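Report on one structure; see the data block that follows.
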Amino acid sequence: MNKPKVGIIGLTGCSGDQLVILNCEDQLLDLVGAIDIRDFLTATSANDTESRLDVAFVEGSVVSQKDEDLLRRVRERCTILVALGTCAVWGGIPTMDRDQDRPALLRAVYGDLNWEYDTCPAKALHEVVKVDLNLPGCPIEKDQFLATVANLLNGNLPLLPDYAVCTECKMKENNCLLIEKKQVCLGPVSVAGCQARCPSLNIPCVGCRGPCTDANLKSAAATYAENGVAMEDVIRKMKTFAPVPVSEQP
Amino acid sequence: MKIVKIPKKKLDLFASILRQHWEIHAPVEQNGRYAFKPLTHWSEARLHYNRTILPPKKYFMPPRETMFHYREGKGYVPAQEELDQRLILFGVHPCDIYAINILDEVFGGKYNDPYFQTRRKNIGIIGVDCTPDEHCFCRSMRADTVEKGFDLFFTDLGEEYMTLVGTSLGDDMVLMAAPLFEPITAADIQKYKQVSSEKRQAFSLDVEIHDLPEIFELEYKSEIWDELGDQCLSCGSCSMVCPTCYCYDVADTVELGSKAGDRVRTWDSCLFHTHALVAGGENFREKRSSRIKNRFYHKQRGMVAEYGRPSCVGCGRCIVGCPVHIDIVQVINRLRGEDHANRG
């Protein structure tokens, strides 16, 4: 049987999602046994950057023309494009304040050197090309990545949860940080899949996986504000990982 | 029904005798709340508690459960690893026992669920009476006392627990520890009546469920549902902590590089937008308002039609666990036009 050809490609990002893949230590041999990794710059310098790919996993967000060109080339050479990690799925941290005046930002960071930078307001992959599957997370969950590969190998898309972190948090019978400690825990609006990793360690959810499809941002924001946090700060917090329209909802 | 009593100071001895045959799980304090957990020492058990974060349903239908494995060449292989675990839940409140009795109807009626049934058989229940707090309304839901569903039931008489024997298994437990139990006296009976009356008067929440299905039917188009839809986060918390929410989702997992895997069922909630989403993209309950309405209707109306009573037992967990303060008692009272029904 021909093994599916796979590319793991990074745009602008921290490579954290690619590192999660490399950290699948117990499964790495199974992984390379099942798929033919052709293009994975983070792991090898011997890459085939031209061949057809059955599946491309693309990490990072689009913050430059160079990113955009690369993404379009990847889209053309692959059959299934998977957005890998919150930056790819939602735009991530680079999109938190993307509507700000770009030249002013450049001046603030680099002074008056007037260097020509290839830079544009950050975008998620789906804002540039068609994305077939989203694997959110900052970083992604190992189990969800492996389940995705296993399902794709069987011709299926994986079933990933699209409900809130609260659901997994309750399944683990954790104390509620929002209700009991009045903390701004983004669990009720953030997509599950992490098994409520942070609230299980008494750390409020920061929404690193992005919102669930049906997130009621407005009602949640009002609840956080009720706990004495300024609405401005609530909205800023909710927009950390995804450019969500908190105030225009529902 | 056989009724005896056991001095409180002998409970640890009783527990140690039971432990020779069963693993004991009881309410344990967890940062100011309670959770049923396996005991390492009897002293960890808290028989005076308001409510556990998750109800005992977690023992009969775990949040995630492998139903069977599928293996190439072997076909379906039953997953029974955890089904045989014999344990005792020590300190279950009447409302929670009532809820398990309702689950019995659901999983033991027309569609017999072998997973639930096997666990039900292997898990003993020792109930304990309680004092209601400000979120309890089990009395309104007729679930403040139970006649069945427990092996033993304890009522606090001060120095002793009066012990109702509910099943032959419960009788075995008492016989196993026979020297610890004593016959009850006339004074105990008086004390029991006093405790029972005090409990009755301790409720601050009240909700009238008589003709509730009709009220729900009449208020199907009430604007209350839209208001709740704007408020609800669809976070699923209320369903997870509800002792009678039994919806589950079934999906197959597959192992990397093979055609083997597991069929797994997971707690689900009718508040999720995916709950009524079907192939082709049609969603029968697209709007949050219709989903939260469905949840209340199923509890308070649908279950009455199917099983003769609402499936809500008034445990108060959904009230305590809702991040946006949606309160079932207030909703019902508003639907009835009785916003003042809180006697507190």
Would you check which residues across region A:229-249 are surrounded by 16 or more Cβ atoms within 10 Å (Cβ to Cβ) and not aliphatic (A, V, I, L, M) and list them? A:Lys237, A:Lys239, A:Thr240, A:Phe241, A:Pro243
Let me confirm something: among A:Ile8, A:Ile21, which residue is within 14 Å of another protein chain (Cβ to nearest Cβ) and not small (Gly, Ala, Ser)? A:Ile21
One residue is enough: does region B:147-160 have a residue meeting the conditions touching a residue at least 12 places away in the same chain (Cβ under 8 Å), over 20 Å from B:Leu54 (Cβ atoms) and among the basic types (Lys, Arg)? yes
Contact list please: Cβ distance under 7 Å, first residue in region A:57-68 and at positive phi, second residue outside any strand (DSSP E or B), pairs at least six apart or on different chains. A:Gly60/A:Leu11; A:Gly60/A:Gly13; A:Gly60/A:Cys87; A:Gly60/A:Ala88
Quick one: would you say B:Ile100 is crowded, with 20+ Cβ neighbours inside 10 Å, assigned to a strand (DSSP E or B) and in contact with a strand residue (DSSP E or B) (Cβ under 9 Å, 6 or more places away or on another chain)? no
What number of residues in region B:1-43 are within 24 Å of the chain's Cα centre (by Cα) and closer than 24 Å to B:Cys136 by Cβ? 13
Subset of region A:204-228 (residues that are open to solvent by 20 Å² or more (accessible area, probe 1.4 Å) and more than 14 Å from chain B (Cβ to nearest Cβ)): A:Val206, A:Cys208, A:Gly228
B:Arg46 vs. criteria assigned by TED's automatic domain parsing to the domain that holds B:Cys95, in contact with a Gly (Cβ under 7 Å, 6 or more places away or on another chain), within 20 Å of B:Pro243 (Cα to Cα) and in contact (Cβ under 8 Å) with a residue 24 or more places away in the chain: no
Taking region A:139-181 and keeping only residues that are touching an Asp or Glu at 6+ places or on another chain (Cβ under 7 Å) and more than 9 Å from chain B (Cβ to nearest Cβ), one is left with A:Pro139, A:Ile140
How many residues does region A:58-90 contain that are out of contact with any helix residue (DSSP H, G or I) (no Cβ under 8 Å at 6 or more places or on another chain) and of a type in the set (A, V, I, L, M, F, W, C)? 4
So A:Pro136 clears everything in (1) assigned by TED's automatic domain parsing to the domain that holds A:Lys66; (2) in contact with a Ser or Thr (Cβ under 9 Å, 6 or more places away or on another chain); (3) open to solvent by 60 Å² or more (accessible area, probe 1.4 Å) except one condition, right? Which one? (3)
Count of residues meeting criterion [in a loop (DSSP other than H, G, I, E, B) and out of contact with any strand residue (DSSP E or B) (no Cβ under 8 Å at 6 or more places or on another chain)] in region B:65-80: 4
Looking across region A:170-194 at residues that are at positive phi and in contact (Cβ under 8 Å) with a residue 40 or more places away in the chain, the single one that is least open to solvent (accessible area, probe 1.4 Å) is A:Gly193
Which one of B:Gly73, B:Gly127, B:Gly108 is open to solvent by 30 Å² or more (accessible area, probe 1.4 Å), under 25 Å from B:Asp171 (Cα atoms) and without any contact (Cβ under 8 Å) to a residue 40 or more places away in the chain? B:Gly108
Of everything in region B:231-252 that's more than 10 Å from chain A (Cβ to nearest Cβ) and assigned to a strand (DSSP E or B), which residue is nearest to A:Met171 (Cα to Cα)? B:Tyr248
Quick check on this structure: which one of B:Gly149, B:Gly127, B:Gly158 is in a loop (DSSP other than H, G, I, E, B), touching a helix residue (DSSP H, G or I) at 6+ places or on another chain (Cβ under 6 Å), outside the structural domain of B:Val304 (by TED's automatic domain parsing) and not aromatic (Phe, Trp, Tyr)? B:Gly149
Looking at (1) modelled with pLDDT under 95; (2) crowded, with 19+ Cβ neighbours inside 10 Å, which is the one condition that is false for B:Met240? (1)
Residues that are within 12 Å of chain A (Cβ to nearest Cβ) and outside any helix (DSSP H, G or I): does region B:217-230 have at least one? no
Filter region A:151-169 for residues that are without any contact (Cβ under 8 Å) to a residue 12 or more places away in the chain and either under 19 Å from A:Gly207 (Cα atoms) or surrounded by 17 or more Cβ atoms within 10 Å (Cβ to Cβ) (or both) and give the result. A:Asn151
Exactly one of (1) touching a residue at least 12 places away in the same chain (Cβ under 8 Å); (2) in contact with a helix residue (DSSP H, G or I) (Cβ under 9 Å, 6 or more places away or on another chain) is unmet by A:Asp30. Its number? (1)
Any residue in region B:286-297 that is touching a Leu at 6+ places or on another chain (Cβ under 6 Å), without any contact (Cβ under 8 Å) to a residue 24 or more places away in the chain and open to solvent by less than 70 Å² (accessible area, probe 1.4 Å)? no
Is it true that some residue in region A:64-72 is under 22 Å from the mean Cα position of the chain (by Cα) and surrounded by 20 or more Cβ atoms within 10 Å (Cβ to Cβ)? yes
Being surrounded by fewer than 21 Cβ atoms within 10 Å (Cβ to Cβ) and either within 14 Å of chain A (Cβ to nearest Cβ) or closer than 22 Å to B:Gly158 by Cα (or both) is the filter here; which residues of region B:17-32 pass it? B:Val28, B:Glu29, B:Gln30, B:Asn31, B:Gly32
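The values are calculated or read from the model by the stated rules, or taken from the named source; none is laboratory data. Given the structure is predicted, the values throughout are model-derived calculations rather than measurements. Don't worry about glycine lacking a Cβ; one is built from the backbone with ideal geometry, like all the others, and counts go over all protein chains shown. Side chains are part of the model used for accessible areas, which takes the heavy atoms of the whole protein and leaves out ligands, DNA and RNA. Shrake-Rupley method; radii C 1.70, N 1.55, O 1.52, S 1.80 Å.
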